[in-house]
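Trainee: If you scroll down you'll find the structure; I have some questions about it.
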């Protein structure tokens, strides 16, 4: 009987399958270490020092946990986290509700279905800088469309949306919802399309109402996709910077100064590199903890 060729060797080169795998994966792994792991470890080290990037010649001293203590004892820092939580919770809530409604609408086949689906997806295709610039002009008090619409509807239009302490947080929530609701809609639409049609057919035979079918079939089977959308949007909104910086730069005052905005000020305006590194690590741990909770919830849903 003829011997079978050794499949672990690549013909003509004498390399095993494992060696070939590392040959292709190795560069990617090296780049991952260079651009992700090393900066994280370097930031952790800097968070225990008084290092300032604008003074590289200054002697670096070890301060231990002082940066973390100062951060956690600072009431202003907790105010930035509160502003972040307000933005995160309301924007995600609105995006899930609107995204679910749009997904239910798009899931129904109708005339010009493809056109309207593409039109709804347009906002998420734009860059945050373009979106921020567009909405800045939209809210402009002298010639912006928002105040003109408010006047047509009979409201007092003598105000600045982005300059009002009470309205500015809702302005950034509105813009973020406009931009990222299509993304949530896509995830939920994927969940709706994954439901087997025979389940609805069986419900039709049992004469179940539309409301019963929604609560007993649609919502439970789409819920994992909703949780996944919440996870992705929570991670993104927790570190939101570019859109809010373009719209308000944290103002008026500090009502829209999210944690990420303040982190940028500490790192690149005040040049307190060690302190800002500790701030970044706290943000990282917060996002990681939030993600872990949601992932565990998803795992429990799969086990049911």
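Trainee: Under the condition of being surrounded by 11 or more Cβ atoms within 10 Å (Cβ to Cβ) and farther than 13 Å from residue 183 by Cα, which residue from region 110-126 is modelled with the lowest pLDDT?
Mentor: Checked region 110-126; the qualifying residue modelled with the lowest pLDDT is 113.
Trainee: Something else now. Looking for something more than 21 Å from residue 269 (Cβ to Cβ) and modelled with pLDDT of 85 or more - is there at least one such residue anywhere in region 54-62?
Mentor: Start the filter on region 54-62 by keeping residues that are more than 21 Å from residue 269 (Cβ to Cβ), which leaves 59, 61-62.
Narrowing the set further to residues that are modelled with pLDDT of 85 or more leaves 61-62.
Yes: one or more hits.
Trainee: Determine which single condition residue 302 fails, assuming it passes every other condition in (1) part of a helix (DSSP H, G or I); (2) within 21 Å of residue 65 (Cβ to Cβ); (3) out of contact with any strand residue (DSSP E or B) (no Cβ under 7 Å at 6 or more places or on another chain).
Mentor: Failed condition: (2).
Trainee: Count, please, the residues in region 131-145 that happen to be closer than 15 Å to residue 244 by Cβ and assigned to a helix (DSSP H, G or I).
Mentor: 6
Trainee: A further question on this structure: In region 134-167, what count of residues is obtained for those that are surrounded by 14 or more Cβ atoms within 10 Å (Cβ to Cβ) and closer than 17 Å to residue 256 by Cα?
Mentor: The total comes to 9.
Yes or no, residue by residue, for (1) touching a helix residue (DSSP H, G or I) at 6+ places or on another chain (Cβ under 7 Å); (2) closer than 21 Å to residue 231 by Cβ; (3) assigned to a helix (DSSP H, G or I):
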| residue | (1), (2), (3) |
| --- | --- |
| 257 | yes, no, no |
| 261 | yes, no, yes |
| 279 | yes, no, yes |
| 283 | yes, yes, yes |
| 293 | no, yes, yes |
| 298 | yes, yes, yes |
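Trainee: Consider residue 208 carefully, then state whether it is at negative phi and in a helix (DSSP H, G or I). Working first, answer last.
Mentor: Details: at negative phi: yes; in a helix (DSSP H, G or I): no.
For residue 208, the condition - at negative phi and in a helix (DSSP H, G or I) - is not met.
Trainee: Another question about this same structure. Please name all residue pairs, on different chains or six or more residues apart, with Cβ atoms under 7 Å, provided the first residue is in region 45-62 and is on the phi < 0 side of the Ramachandran plot and surrounded by 10 or more Cβ atoms within 10 Å (Cβ to Cβ) and the second residue is part of a loop (DSSP other than H, G, I, E, B) and modelled with pLDDT under 85.
Mentor: Taking only residues 6 or more apart or on different chains, the pairs are 52/58.
Trainee: To continue, here is another question. For region 98-119, which residues satisfy the criterion of being in a helix (DSSP H, G or I) and touching a helix residue (DSSP H, G or I) at 6+ places or on another chain (Cβ under 9 Å)? Show your work before the answer.
Mentor: Step one: filter region 98-119 for residues in a helix (DSSP H, G or I), giving 98-106, 113-119.
The answer is 98, 99, 100, 101, 102, 103, 104, 105, 106, 113, 116, 117.
Trainee: Could you list, in sequence order, the residues of region 168-211 that are over 30 Å from the mean Cα position of the chain (by Cα) and surrounded by 13 or more Cβ atoms within 10 Å (Cβ to Cβ)?
Mentor: If the condition is that a residue be over 30 Å from the mean Cα position of the chain (by Cα) and surrounded by 13 or more Cβ atoms within 10 Å (Cβ to Cβ), then 199, 200, 203, 208 are the ones that fit.
Trainee: Looking at 277, 260, which one is crowded, with 21+ Cβ neighbours inside 10 Å, touching a residue at least 24 places away in the same chain (Cβ under 8 Å) and touching a strand residue (DSSP E or B) at 6+ places or on another chain (Cβ under 9 Å)? Outline the logic, then answer.
Mentor: Working: 260 fails: touching a strand residue (DSSP E or B) at 6+ places or on another chain (Cβ under 9 Å).
Result of the check over 277, 260: 277.
The values are calculated or read from the model by the stated rules, or taken from the named source; none is laboratory data. Remember, predicted model here, so these are calculated numbers, not experimental data. Positions of Cβ are generated from backbone atoms using ideal geometry, with glycine treated the same way; all protein chains shown enter the neighbour counts.
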